[in-house]
Amino acid sequence: MPFAQHSDRELFDEAMKDRPSIGWGKVTMHGYRAVYIKDQGVRGRVPYNSEDPNQKGLRVNIAIDFVITPIDATKPVFSILGVWNWASDFQDVIKPSMQNLAAKIAAIRGIEADSPNFVLLADGNELWYRYEWVKVVNKKTGLPYRVICFRDVYPNEAVCKEAAKKEGAIAAEALNTALPFPSEPTAADLDVQRDALKAFLEPYWKQANRDQKVFAEMLTKPPFNGLFTLGSDEVKSVMTPF
């Protein structure tokens, strides 16, 4: 994707600004078996080939590539390549953040989260996410760096854009100005949000083990944020489907 043309003054101004800590976009994942060979492949990650004599005896791991296409078309696509499945980046940040979204991903795909046919990363591939760059500390060097963490997931680009607009992200990035407070949602806005979220009610009801007290608490937190209560018609139909 080509970059828009900017003057030196604009580029220098941008260079001095901190990278946004949150973003929204489509996430494409690709997994493959790989071995580590210094100065080869992507940071030493080389696709495993059982017929290559140079790879004989090397430890075989799973590497995952993440490609993020931001919803803001003025932003370039970026990649996080060769993430080892055993590395702390994946085990401590990426993996648990995806596990927290398992119920929503399963609902989007129309499958039970506890089904043996549900594969979290496979079913979460090519969906739209809200992601955040979180600071972690390198255990060997003690130096801080940032790792991507997935905070929410959406069934399509339109719902993802709507969520981003609620936080002023698209307008703020496009206009390069801070929007201190999002506008109050209208009744129509809330109906759109409820319609997008109602598919998630059943998997969360099951996650609560059909305990109404636990479920009521879940409804006050993301992704629902109080849009539903135990008295909502959509909730009642989930708790008592017949």
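In terms of the mean number of neighbouring beta-carbon atoms within 10 Å, the peptides 63-72, 93-102 order highest first as 63-72, 93-102. Averaging the sequence gap over all C-alpha pairs within less than 8 Å and six or more residues apart, then dividing by the number of residues, gives the chain a relative contact order of 16 percent. Name the shape class, rounded, prolate or oblate, that the alpha-carbon gyration tensor gives for the chain, where a ≥ b ≥ c are the square roots of its eigenvalues, rounded holds for a/c under 1.5, and otherwise prolate holds if a/b is larger than b/c and oblate otherwise. Oblate is the answer for the chain, as a/c is 1.5 or above yet b/c matches or exceeds a/b. Relative protection proxy for 126-132, 203-209, 47-53, from highest mean packing down: 126-132, 203-209, 47-53 (other beta-carbon atoms within 10 angstrom). Maximal additional length on extending the Arg151-Lys221 stretch stands at 23.9 nm, based on 0.36 nm per residue less the C-alpha distance. Of the cross-linked pairs Lys26/Lys198; Lys75/Lys236; Lys75/Lys166; Lys135/Lys161; Lys140/Lys161, those separated by over 31 Å at the C-alpha level are Lys75/Lys236; Lys140/Lys161.
Evaluate Rg over Rh across segment 187-239, taking Cα atoms for both radii and Kirkwood's formula for Rh.
0.93
Which of the three applies to segment 79-174, rounded, prolate or oblate, going by the alpha-carbon gyration tensor with a ≥ b ≥ c and a/c under 1.5 meaning rounded? Don't skip to the end; give the middle numbers.
Values: a/c = 2.59, a/b = 1.15, b/c = 2.25.
Oblate.
The charge dipole of the chain, taken about its Cα centre with unit charges on the Cβ atoms of Lys, Arg (+1), Asp and Glu (-1) only, comes to about 860 debye.
Placing +1 on the Cβ of each Lys and Arg and -1 on the Cβ of each Asp and Glu in the chain, which of Asn125, Gly31, Gln91 has its Cα farthest towards the positive end of the resulting dipole? Of Asn125, Gly31, Gln91, it is Gln91. Once both labels are positioned 7 Å from their Cα atoms along Cα-to-Cβ, the gap between Asp39 and Leu120 label points is 3.8 nm.
Bear in mind these aren't lab numbers, they're just calculated from the coordinates by the rules spelled out. Treat the numbers as computed from the prediction; the structure is a model and nothing was measured. Don't worry about glycine lacking a Cβ; one is built from the backbone with ideal geometry, like all the others, and counts go over all protein chains shown.
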